[in-house]
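Data first, discussion second: the structure below is written as structure tokens.
The values are calculated or read from the model by the stated rules, or taken from the named source; none is laboratory data. It should be emphasised that the depicted structure is a prediction, and the values quoted were computed from it without experimental measurement. Note that each Cβ is placed from the backbone with ideal geometry, even for glycine, and that neighbours are counted across all protein chains shown. Side chains are part of the model used for accessible areas, which takes the heavy atoms of the whole protein and leaves out ligands, DNA and RNA. Shrake-Rupley method; radii C 1.70, N 1.55, O 1.52, S 1.80 Å.
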Amino acid sequence: MATGFTVLSLTDYVNEQSRELLTALQFENETASYANIQPGVKSSAALQILTSTPIPQDGSTCAFNASGGTTFTQRILSTSAVKYQDTLCFRTLEAKWTQLLLKRGQKYDESNVPAAMVADLVAQIKAQQETADWQGDTTSTSAYLSRYDGLIKIIAAASGTNVATASTWNASNARAIVKNIISKIPAALKGSHSVKIFMGYDAAETYRQALMDANLFHVPAGSGNQHGIMAEGSVHEVVPVHGLDGLTASSGTSAPFIFALDPDRNLYLGVDSPDEEDQAEMWYSQDDQNVKYSFRFRRGWQIAFPSEIVEYANS
């Protein structure tokens, strides 16, 4: 006689409060994976930045002389409340081939939601967030971009950044533009492997092809995409992110689309917490007999040291 629980005949349950799902939505996007996560930001918080200036002195005397100092500054990291919600009426699937997705009987609950549907839902939200992480603007008329300000707006508005410009980004200019971007990296950061060059996949493909056409094979052996490319003659990796796709024709000081920066020092993602008030829920609603989902979280971005960032825009 069998002992213990036998559950092989049961449909896998969709967790009503899936922390793993929320974690995937918040932190696994391309750009977010490079960021410093600042939890507990329910509205705004100050990034505390200190700069020390120790001064060497003549050490041949016994006197004590204080010199130098430490300066504290702040940059405010603000987050916005974001939610995704919908109602799923499985009865609308009965008349089409989609009936094959449904179990027998007339009671449909969250266990009817196919894993592929949940995976696609999460993938679509992550793609939207990746774009908003760079292109977000609270004044935008787009529902996909207006929830919070993205890094393009934040960096373009910051004073003290290093600006590189050229007339047009194309295959003929790409190598010269990247060289110019590298030349603008502050002297204290030159030669730092931590400084990376972020651009869209389309821009990275243009640069990759320009290197290949010039017989400069900077692409790792066996690589068939833009990942792993080192900027020509430098230690700086080109990092393609979909959040910067489609911007190579834009122009003007408010529309940079290539950035050289050290993400460890300069990218800060503010969130609340995936473990408490934030929830990823999917449940069967008894009152209207529909399945519903609700994803709630807070999200926002800030940089720490504008003077260490190089931004490029077409003139």
### From the options N170, N180, residue that is surrounded by fewer than 18 Cβ atoms within 10 Å (Cβ to Cβ) and not in a loop (DSSP other than H, G, I, E, B)
N180
### Query
Listed residues A210, A174, A158; which is within 22 Å of Y34 (Cβ to Cβ) and in contact (Cβ under 8 Å) with a residue 12 or more places away in the chain?
A158
### Task
Output the qualifying pairs, or none if there are none: Cβ atoms under 6 angstrom, residues six or more apart or on different chains, first residue in the stretch 254-265 and in contact (Cβ under 8 Å) with a residue 24 or more places away in the chain and acidic (D, E), second residue in a loop (DSSP other than H, G, I, E, B) and surrounded by fewer than 24 Cβ atoms within 10 Å (Cβ to Cβ).
D262/S194; D264/S194
### Message
For the structure I just gave you, tell me whether T92 is over 20 Å from the mean Cα position of the chain (by Cα), assigned to a helix (DSSP H, G or I), over 25 Å from V241 (Cα atoms) and at pLDDT below 70.
### Response
no
### Query
Can you find a residue in the stretch 193-214 that is part of a loop (DSSP other than H, G, I, E, B), in contact with a Lys or Arg (Cβ under 9 Å, 6 or more places away or on another chain) and surrounded by fewer than 13 Cβ atoms within 10 Å (Cβ to Cβ)?
yes
### Query
Which one is farthest from S80 (Cα to Cα), of the residues in the stretch 125-152 that are touching a residue at least 60 places away in the same chain (Cβ under 8 Å) and open to solvent by 30 Å² or more (accessible area, probe 1.4 Å)?
A127
### Task
Identify, by number, the condition in (1) at pLDDT below 75; (2) open to solvent by 100 Å² or more (accessible area, probe 1.4 Å); (3) closer than 25 Å to T131 by Cα; (4) in contact with a strand residue (DSSP E or B) (Cβ under 8 Å, 6 or more places away or on another chain) that K42 doesn't meet.
(1)
### Task
Residues that are at pLDDT below 95 and surrounded by fewer than 21 Cβ atoms within 10 Å (Cβ to Cβ): find the strands (runs of 3 or more DSSP E) completely inside the stretch 224-315 holding 3 or more of those.
279-285, 290-302
### Query
If you check V163, V122, which single one turns out to be in contact (Cβ under 8 Å) with a residue 24 or more places away in the chain and open to solvent by 50 Å² or more (accessible area, probe 1.4 Å)?
V163
